[in-house]
Amino acid sequence: MHRILLIAVPLFGLCIAFEWLWGRLKGRDTYRLSDSISSLSQGLMSLAVAAVTPLFQNGMYAWLQPHLALVRPSVWDGWWGWAVAIVVYDLCDYWLHRVSHESALFWAAHTVHHQSEHFNLTTALRQESFYAVMGWPFFLPMALLGMPLEQYVAAGLFVLLYQFWIHTEHIGRLGWLDRVFSTPSNHRVHHAVNPRYLDKNYGAVLVIWDRMFGTFAEETEPCVYGTVKPLHSWNPIKAVGQFYGELFDRARATPRWADRIRVLFKSPGWAPPGTSTTAEPDGDRLRQSRFDPAVSRLDRWRAVSLVAMTGVASAVWLDASDDMSEARNLVAAAVIAAGLYAAGALLARGTDGGGDRGRRTRRLRGWGLYLGAMALCAGMIAILA
């Protein structure tokens with residue numbers, strides 16, 4: 001699947017460029033460079049994790065389907081079988097998505113997708129690294145129905161690619177389509193932290209699941225994007241681990257083992273007795289300015305070129321990953337993570353300040369970080385190409 005996604009990358013890039021240009025022409029630019037780099041970094045991280053966890057991507061389904069199938073796979077032959085597979089997959093995905101907002105351990109994996117305080121097509125590529133690793137049991141109903149692996153994979157790819165176009169603020173209400181499908185208006189609601197919008201509109205392709213199960217909300221007020229507790233960091237490793245760290249702190253804060261287990265499976269806003277957490281957005285959160293610290297021009301373009309180099313290294317690696325050992329894939333994934341970490345660190349450096357000596361030290365550290373990460377990625381390309 002990751003190879004198909006890499007083929008789609010040029011189209012994604014063209015769409016992102018068009019949306020950015022359209023926003024500039026209309027005086028409504030929804031992009032910020034640091035935020036977009038952060039989102040693209042998470043997309044590359046998710047591809048890296050997928051490459052080193054093939055068992056959880058499609059392997060579990062391939063292994064279990066022959067043992068669980070209650071219906072002969074041949075029943076699904078024909079075009080209509082592929083259409084049914086998409087609908088069933090979308091329903092399974094609704095419940096996975098819903099649980100990922102209502103259960104803390106699953107939210108820890110899913111929260112990455114919601115951390116951006118902007119809403120544009122790069123947000124669509126801000127994919128979760130551990131979502132598929134934790135979510136595969138939700139699709140076992142398809143195995144019970146005997147749907148072949150090819151239909152399961154194709155349906156998952158369709159549902160994933162469909163969601164790309166709904167991450168935009170430049171498409172308004174779409175009439176009857178908003179009542180049936182997940183559309184930009186419906187999905188803006190899903191990404192918002194406005195109290196009336198929280199935990200709504202989970203459907204990936206069809207929003208009728210939300211209407212059926214009571215989780216639908218129409219877009220009636222301007223959306224404030226992000227998470228209830230903002231990330232306020234460009235560090236991709238911190239982004240992935242932020243809520244896991246919060247869960248650990250909550251569990252450590254209570255002496256009762258039963259409460260430590262509850263921390264993992266109750267809602268993300270639940271905390272053991274005697275501890276506190278931010279459960280709901282308040283007025284200050286809704287009025288809070290977006291995280292966008294100043295970055296020097298040099299660091300901006302170093303970060304851009306570094307993410308581009310990391311992207312090329314990812315493409316070369318993922319094209320060969322199926323034929324590589326698990327150990328070599330893990331090393332390659334570490335190189336990708338190092339490159340993305342360095343790009344985030346460059347964006348977090350701020351602008352030069354202090355005396356001449358301090359500025360020189362900062363510049364040397366910046367170049368060391370940049371050149372070291374570029375050398376790692378270039379070395380991996382040279383070895384694998």
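The values are calculated or read from the model by the stated rules, or taken from the named source; none is laboratory data. As the structure is a computational prediction, the values presented were derived from the model and not from experiment. Because the Cβ atoms are built from the backbone with ideal geometry, glycine has one as well, and the counts that use them run over all protein chains shown.
Pairs linking a residue in the range 116-145 that is within 29 Å of P73 (Cα to Cα) to a residue that is outside any helix (DSSP H, G or I) and hydroxyl-bearing (S, T, Y), with Cβ atoms under 8 Å and 6 or more positions apart or on different chains, are A132/T53; V133/T53.
Per this entry, T254 is counted among residues that are surrounded by 13 or more Cβ atoms within 10 Å (Cβ to Cβ) and at pLDDT below 85.
Among helices (runs of 4 or more DSSP H) entirely within the range 290-385, having at least 1 residues that are farther than 21 Å from L40 by Cβ, of a type in the set (D, E, K, R) and outside the structural domain of L33 (by TED's automatic domain parsing) singles out 326-347, 356-384. Residue count for the range 233-274, restricted to those that are part of a loop (DSSP other than H, G, I, E, B) and either without any contact (Cβ under 8 Å) to a residue 60 or more places away in the chain or in contact with a strand residue (DSSP E or B) (Cβ under 8 Å, 6 or more places away or on another chain) (or both): 9. The residues listed here are W136, W209; of these, the one that is modelled with pLDDT under 95, outside any loop (DSSP other than H, G, I, E, B) and hydrophobic (A, V, I, L, M, F, W, C) is W136. Just to be sure, is V99 at pLDDT 95 or above, in a helix (DSSP H, G or I) and touching a strand residue (DSSP E or B) at 6+ places or on another chain (Cβ under 9 Å)? In short, no. Out of G23, G81, G27, I need the residue that is at positive phi and at pLDDT 90 or above. Which one? Going through G23, G81, G27 in turn, just one is at positive phi and at pLDDT 90 or above: G27.
When E117 is tested against (1) under 30 Å from S233 (Cβ atoms); (2) part of a helix (DSSP H, G or I), only condition (2) is not met.
Against the conditions (1) over 15 Å from the mean Cα position of the chain (by Cα); (2) assigned to a helix (DSSP H, G or I); (3) over 13 Å from L121 (Cβ atoms), A50 satisfies every one except (1).
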